[in-house]
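K.L.:
Below is a structure I'd like to ask you about.
The values are calculated or read from the model by the stated rules, or taken from the named source; none is laboratory data. What you see is a predicted model, and the numbers here were worked out from it, not measured in a lab. Here the Cβ positions follow ideal geometry from the backbone for every residue, glycine too, while neighbour counts run over all protein chains shown. Areas reflect the complete protein model, heavy atoms only, side chains present, ligands, DNA and RNA absent. Shrake-Rupley method; radii C 1.70, N 1.55, O 1.52, S 1.80 Å.
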Amino acid sequence: MIWYAIVISGVLNFLTKFLSLSYFDTSKMNPRVKQILTYVPSAVFPAIIFPGILIDTNGDLDLVNNPKILASIIALIVGVFSRNIIATILTGLAAYWFIIFI
Amino acid sequence: MSKKIKLFFKGIVDILPLLIPVVPFGIILGAIGIELGFSSLEIFATSFIIFGGASQIVFLQLFSSGASSLITITSTFVVNSRHLLYGVSFSEYLKNLSLGWKVLLSYLLTDQAYAVSNIYFEKNKNNDLKHYYLLGSGFFLWLIWQISTLIGIFLGSIVPDKLGLSYTIPLTFIALLVSYFRKIDHIIIILISGSLSIILYNAPLKSYIILSSFISLSVALMMIVYKKGKNK
């Protein structure tokens with residue numbers, strides 16, 4: 001089952017790039033479509049971020065004594081100011097370990 | 001050195017700084033895959049076949065949480081849909097290439113290879129060999145991604161669970177979004193999508209990622225239309 005899913009996902013990702021590269025004409029493309037595609041990360045990534053932080057392993061909302069919330073806020077502040085992907089990840093992870101181990 | 005080889009290496013040199021975050025991301029992916037219970041071969045296959053970091057994490061996370069293949073595949077597709085922009089943007093530059101070249105370059109096209117090649121293509125529109133630049137940058141990122149994944153798979157099997165490595169999933173996506181937190185319309189979309197994902201988390205078939213994405217994209221579309229109307 002997983003192999004079908006990997007192959008189909010791979011083919012779809014390839015076709016997204018191949019078909020647009022081969023058959024799309026930028027001048028004929030609706031500018032609104034272009035604009036909406038720039039919002040894809042802002043619309044998709046939070047749906048991975050928020051549950052990853054706020055939902056615990058039992059599937060329940062965890063807003064109290066959740067070290068991930070504070071660690072993520074610290075990571076976000078560092079990220080917005082540094083604009084550095086690695087600095088953001090390492091700060092968040094360091095803050096998380098600091099809170100859970102100390 | 002022939003012009004082709006020179007361009008190939010120029011692509012490699014120019015993409016080097018953008019590879020700095022790619023290496024830890026690949027390592028995280030490999031390690032998370034192990035923590036989520038996938039085999040080394042399955043994880044490596046996502047890097048080789050799907051070849052798109054963020055989408056691979058979504059794929060592994062959803063599949064391991066018991067989502068159906070259809071939901072997993074659709075969610076992965078939504079994450080990768082931004083690549084549509086890159087293909088469209090390069091179609092004019094690469095239209096005279098053979099089918100084989102287009103297949104190869106489509107496979108190797110990534111966020112980073114797009115970023116450096118787009119700058120080069122804009123300056124060298126009339127260079128008939130410019131696709132060697134994209135080949136160099138795309139291929140080198142591909143190579144580094146495969147190696148980093150393998151390192152992560154190896155490390156994942158020795159790193160203890162207690163370190164909470166799965167927390168690096170939301171963390172990585174926060175890092176990928178930081179540049180959008182400077183624009184108010186993007187912040188609105190981010191908050192809407194995030195809130196929806198919590199509200200819809202128990203929606204059937206683990207469809208919360210797709211539902212949240214589509215509803216927030218619809219809001220984004222309304223915002224675009226509204227802004228345009230206001231400017232008139």
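K.L.:
Where a ≥ b ≥ c are the square roots of the eigenvalues of the C-alpha gyration tensor, would you call the range B:23-84 rounded, which needs a/c under 1.5, or, failing that, prolate if a/b is larger than b/c, or oblate?
P.N.:
Judged from the Cα gyration tensor, the range B:23-84 comes out oblate (a/c at least 1.5, b/c at or above a/b).
K.L.:
Something else about it: Which whole-number value in Å² is the accessible area per residue of the protein assembly as shown, probe 1.4 Å?
P.N.:
Per residue, the protein assembly as shown has an accessible area of 47 Å².
K.L.:
If you don't mind, another one. How much of the accessible area of the range B:1-153, in percent, comes from carbon and sulfur atoms when a 1.4 Å probe is used?
P.N.:
Answer for the range B:1-153 is 68 percent, counting heavy atoms of protein chains only.
K.L.:
Another question, if that's okay. Taking the Cβ of B:THR149 as the center, what net charge do the other residues with Cβ under 15 Å away carry, scoring Lys and Arg +1 and Asp and Glu -1?
P.N.:
Value of the local net charge: -2.
K.L.:
Further, regarding this structure: Among the lysines, which fall within straight-line cross-link reach of B:LYS227, defined as a Cα-Cα distance under 19 Å, with same-chain neighbours fewer than 8 residues apart omitted?
P.N.:
In chain and number order, the partners are A:LYS34, B:LYS183.
K.L.:
For the range B:134-148 and the range B:87-116, compute the distance between their C-alpha centroids and round to whole Å.
P.N.:
Computed from Cα coordinates, the inter-centre distance equals 14 Å.
K.L.:
At a Cα cut-off below 19 Å, give the aspartates and glutamates reachable from B:LYS95, other chains included and same-chain residues fewer than 8 away excluded.
P.N.:
Partners within reach: A:ASP25, B:GLU122, B:ASP128.
K.L.:
Need one word for chain B: rounded, prolate or oblate. Basis is the Cα gyration tensor (sqrt eigenvalues a ≥ b ≥ c); a/c below 1.5 gives rounded, then a/b vs b/c decides.
P.N.:
Oblate is the answer for chain B, as a/c is 1.5 or above yet b/c matches or exceeds a/b.
K.L.:
Take each complete run of DSSP H in chain B, measure how far its Cα atoms stretch along the helix's own axis, and keep only those covering 27 Å or more with mean Kyte-Doolittle hydropathy at least 0.0; list them.
P.N.:
The qualifying helices are B:131-156, B:208-231.
K.L.:
Ballpark to the nearest 100 Å², how much total accessible area do B and A bury together, probe 1.4 Å?
P.N.:
7000 Å²
K.L.:
Inside 10 Å of the C-beta atoms of B:87-94, what's the mean count of C-beta atoms belonging to other chains?
P.N.:
Average neighbour count from other chains, rounded to a whole number: 6.
K.L.:
Taking chain A as the reference, fit the longest principal axis to its C-alpha atoms, fit the long axis of helix A:2-23 to the helix C-alpha atoms, and give the angle between the two in degrees, 0 to 90, nearest 10.
P.N.:
Tilt of helix A:2-23: around 50 degrees.
K.L.:
Report the calculated FRET efficiency for B:LYS123 and A:SER82 (r = Cβ-Cβ distance, R0 = 35 Å), to the nearest 0.05.
P.N.:
With a Förster radius of 35 Å, E is 0.75.
K.L.:
Compute the separation of the alpha-carbon centres of the range B:205-232 and the range B:9-70 and state it in Å as a whole number.
P.N.:
When both Cα centres are located, 28 Å separates them.
K.L.:
Convert each backbone phi in the range A:87-102 into a coupling constant with the Karplus relation 6.51 cos²θ - 1.76 cosθ + 1.60 (shift: θ = phi - 60°), then list the ³J(HN,Hα) values in order as whole Hz, x for Gly and Pro.
P.N.:
4, 5, 5, 5, 4, x, 5, 5, 4, 4, 5, 4, 5, 7, 9, 10
K.L.:
Quick check on the range B:134-232: take the gyration tensor over C-alpha atoms, sort the square-rooted eigenvalues as a ≥ b ≥ c, and tell me if it's rounded (a/c under 1.5), prolate or oblate.
P.N.:
oblate
K.L.:
Determine the residues within the range A:65-83 where the difference in accessible area between the chain on its own and the full set of protein chains amounts to at least 50 Å²; count protein heavy atoms only and use a 1.4 Å probe.
P.N.:
A:LEU76, A:VAL80, A:ARG83
K.L.:
What percentage of the solvent-accessible surface of chain A, computed with a 1.4 Å probe over protein heavy atoms, is contributed by carbon and sulfur atoms?
P.N.:
C and S fraction of accessible area: 69 percent.
K.L.:
Once R0 is set to 30 Å, what does the formula 1/(1 + (r/R0)^6) return for the Cβ-Cβ distance between B:GLN146 and A:TRP97, expressed as a FRET efficiency to the nearest 0.05?
P.N.:
0.55
K.L.:
Then there is this: So which lysines can B:LYS162 reach, going by Cα to Cα under 20 Å and dropping same-chain residues fewer than 8 places off?
P.N.:
Answer for B:LYS162, where 20 Å is the Cα cut-off: A:LYS68, listed by chain and number.
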